[in-house]
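The structure under discussion appears below in the form of structure tokens.
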Amino acid sequence: MTTTQDLSFLSLVLNASLLVQLVMLLLLGMSIASWTIIFKKTAVLRGVRRDTERFERDFWSGGDLATLLESAQRNTRSNAVLEHIFEAGMQEFMKVREIDAARRAMKATYQREMDALEANLPFLASVGSVSPYIGLFGTVWGIMHAFRGLANVQNATLAAVAPGIAEALVATAIGLFAAIPAVVAYNRAATDVDRLAIRFETFIEEFTNILQRQGLGK
């Protein structure tokens with residue numbers, strides 16, 4: 001009973017050396033930050049997909065471009081990325097009556113919106129790649145600390161060194177706990193962003209072709 005209590009997770013964390021505890025605290029902070037980003041990014045991408053599908057339905061239903069522009073100007077939601085791209089291109093076209101200018105305006109808005117969608121993804125990638133090594137560093141240090149503690153012990157046994165090794169291995173476990181969700185979330189978010197980017201670029205080309213076919217740009 002005493003051994004089980006001494007080797008509980010909380011006991012291992014509290015009894016670890018100061019450096020290992022600092023490593024655990026750093027990994028815990030990285031994990032909390034990554035989970036915060038994961039929840040926010042998931043909600044944002046879901047909203048962008050929903051608004052993109054809605055605007056595509058409205059656009060391809062054959063509605064008047066001027067009416068769509070008025071609706072886009074009233075929509076200030078950050079999720080309406082495709083609508084913002086359309087708004088930028090249509091406004092520029094109405095000013096100068098040049099398709100190239102409209103395309104450049106849409107491309108500029110597209111780039112700004114993509115930068116916003118990709119924000120914090122590098123952090124998730126960094127957490128996923130670095131956390132295991134940080135945890136491993138804490139583990140190695142903890143094991144070294146445990147074996148140094150046996151220097152003054154005459155009868156060194158596995159039972160004597162086991163708690164110290166277990167404390168050290170907790171750092172690796174926390175590192176993996178931080179890394180695995182971050183890697184999974186990064187891969188999923190990056191894939192979603194790439195798919196949205198393809199849809200936005202396709203729309204820019206199709207909208208430009210519509211203006212050309214209608215003979216609106218000279």
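Values quoted throughout were computed directly from the atomic coordinates according to the rules given, and no laboratory measurement underlies them. Fair warning: this is a prediction, and the values are worked out from it, not measured in the lab. Heads up, the Cβs are rebuilt from the backbone with ideal geometry, glycines too, and the neighbour counts pull from every protein chain shown.
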*Failed condition for LEU26, given (1) over 30 Å from ALA168 (Cβ atoms); (2) under 21 Å from the mean Cα position of the chain (by Cα)*: (1)
*asked:* Between THR52, THR42, which is touching a Lys or Arg at 6+ places or on another chain (Cβ under 7 Å) and over 20 Å from GLN212 (Cα atoms)?
replied: THR52
*Could you please give the count of residues in the range 33-84 that are under 28 Å from PHE123 (Cβ atoms) and among the small types (Gly, Ala, Ser)?*
6
